[in-house]
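Presented below is the structure to which this report refers.
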Amino acid sequence: MKTHILYLAHDLADAAIRRRVLMLISGGASVTVAGFQRAENLLDGQADVQTIALGRTEDARFVQRIGAVVSAAMSLKSRLSGVPRPDVIVARNVEMLALAARAASVFGGGIPVVYECLDIHRLLLDRGLKGTLLRALEGYFGRKAKLLVTSSPAFVEHYFKPRSTLDLPTLLLENKVLELSDDPHTAAPPPAPRTGEPWRIGWFGAIRCRKSLAILSDFAARMNGRVEIVMRGRPADSEFENFERIVQAAPFVEFHGAYRNPEDLSSIYADVHFVWAIDFFEEGLNSEWLLPNRLYEGSVHGAIPIALKSTETGKFLDQRNLGLTLDRVNPEDLLCEFQAMTPARYSDLFGRMAETERSTWVAGPTDGRALVTKLSKLGDRPGGASEPFPAAAISAGG
């Protein structure tokens, strides 16, 4: 019998949510998704996935999201009527963790809960009353959880160990590209290197960093056609006064809208030489610690990541002698780097990426099966005790 997972999603328009659900299905699980909508539901029409809308939330409006969670909790029993009892409940982000215990009680309790946290919200890092209260709530709602899933060791080092009140076994599950049909160890190598100038830099995914847009726009204008910036994904309206106007006014900057992940990754990355893997959205905090989706997506598809040395992304690349890592990021430094960029240097950077073990960037059905197996065993552990996980797991103290 298949393991049945109830996945509580904070944003049904998040491509990473869809990727995780597809990974669980590839691993042999049946999945029911209940979550909030901010835009189009990317799981709508997905075969073998029942989706339950819990209401609408708005980006960057945390108080509104709290109200939506309270409202959803009151109606959760009726919304989940007809859903088979799950073997595991996975709660993505802290607001969904608040719903997980309520969801478990709807089915009579005794269902293991997994807390999946792939970004540390800035309010959790606030050193004042708001942060203290939110961390206390995270600890309260997660007190009976069996496992924490996170995507970067820096999240554990800088938040979960020193600041969080949680004390859970932790599984590191990186934001790797999901390939459902190929074994990542035997799949074809990346495409051949692109031709030279103009050098095209792709910025794909969640576009929410005003500082990055300003730097890249200024840089592209100064390069006067030798560099082009290509953006695709979901701009955060809350972060830009008028995103379309800004892009239209910026020479050599393009925006081509949303894309499907993982279906469109090969084609969109084939269009660029480099991928922008820098984020100042929560500078000094979450932006320093994350290992973003675009790091893995660009690398496996032959786009060379550009990263800041001081961040976890920069350290990840420097440890492997990969990518283009910078001490500082401003238009002047980028100008120096790309005025000196030659086809030979680009070919060397590309060659090192192409020689990297593919499983560094890619997860496949084998990884999905391993994940589902681990989740299915959580219900067998009395008293919340955990058995050791393989090398991917790390222990996080409270």
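The values are calculated or read from the model by the stated rules, or taken from the named source; none is laboratory data. This structure is a prediction, so every number in the text was calculated from the model and none was measured. Cβ sites come from the backbone with ideal geometry, for glycine too, and all protein chains shown count toward neighbours. Side chains included, ligands, DNA and RNA excluded: accessible areas come from the protein's heavy atoms. Shrake-Rupley method; radii C 1.70, N 1.55, O 1.52, S 1.80 Å.
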Matching residues in the range 272-286 (more than 17 Å from the chain's Cα centre (by Cα) and either farther than 23 Å from residue 240 by Cβ or buried (at least 18 other Cβ atoms within 10 Å of the Cβ) (or both)) number 3
When (1) within 13 Å of residue 276 (Cα to Cα); (2) in a strand (DSSP E or B); (3) within 25 Å of the chain's Cα centre (by Cα) are applied to residue 228, the one that fails is (3)
Discussion item. Is it the case, given these coordinates, that residue 44 is under 20 Å from residue 115 (Cα atoms), in a loop (DSSP other than H, G, I, E, B) and not hydrophobic (A, V, I, L, M, F, W, C)?
Written reply: no
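Here is a yes/no grid of residues against (1) touching a His at 6+ places or on another chain (Cβ under 7 Å); (2) polar (S, T, N, Q); (3) at pLDDT below 95:
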site: 338; (1), (2), (3): no, no, no
site: 343; (1), (2), (3): no, no, yes
site: 366; (1), (2), (3): no, yes, yes
site: 371; (1), (2), (3): no, no, no
site: 382; (1), (2), (3): no, no, yes
site: 387; (1), (2), (3): no, no, yes
Residue hits (the range 340-355; of a type outside the set (A, V, I, L, M, F, W, C) and open to solvent by less than 30 Å² (accessible area, probe 1.4 Å)) are 346, 351
Just one listed residue, out of 316, 338, is in a helix (DSSP H, G or I) and under 24 Å from residue 176 (Cα atoms), and it is 316
When restricted to 275, 300, the only residue closer than 20 Å to residue 228 by Cβ, touching a strand residue (DSSP E or B) at 6+ places or on another chain (Cβ under 7 Å) and among the β-branched types (Val, Ile, Thr) is 275
Q) Given the structure, is residue 266 open to solvent by 20 Å² or more (accessible area, probe 1.4 Å), part of a loop (DSSP other than H, G, I, E, B) and not aliphatic (A, V, I, L, M)? A) no
Going through (1) in a strand (DSSP E or B); (2) over 24 Å from residue 102 (Cβ atoms) one by one, residue 53 fails only at (2)
Q) In this structure, does residue 245 turn out to be out of contact with any helix residue (DSSP H, G or I) (no Cβ under 7 Å at 6 or more places or on another chain), free of Cβ contacts under 8 Å to residues at least 60 places away in the same chain, open to solvent by 20 Å² or more (accessible area, probe 1.4 Å) and assigned to a helix (DSSP H, G or I)? A) yes
In the range 129-169, anything assigned to a helix (DSSP H, G or I), aliphatic (A, V, I, L, M) and under 22 Å from the mean Cα position of the chain (by Cα) is listed as 134, 154, 156
Going through the range 27-48 in order, the residues found to be open to solvent by less than 30 Å² (accessible area, probe 1.4 Å) and not β-branched (Val, Ile, Thr) are 27, 29, 34, 35, 36, 41, 43
When every residue in the range 1-26 that is in a loop (DSSP other than H, G, I, E, B) and within 21 Å of residue 263 (Cβ to Cβ) is compared, the one most open to solvent (accessible area, probe 1.4 Å) is 14
Restricting the range 306-315 to residues that are in contact with a strand residue (DSSP E or B) (Cβ under 8 Å, 6 or more places away or on another chain) and of a type outside the set (Val, Ile, Thr), the one most open to solvent (accessible area, probe 1.4 Å) turns out to be 309
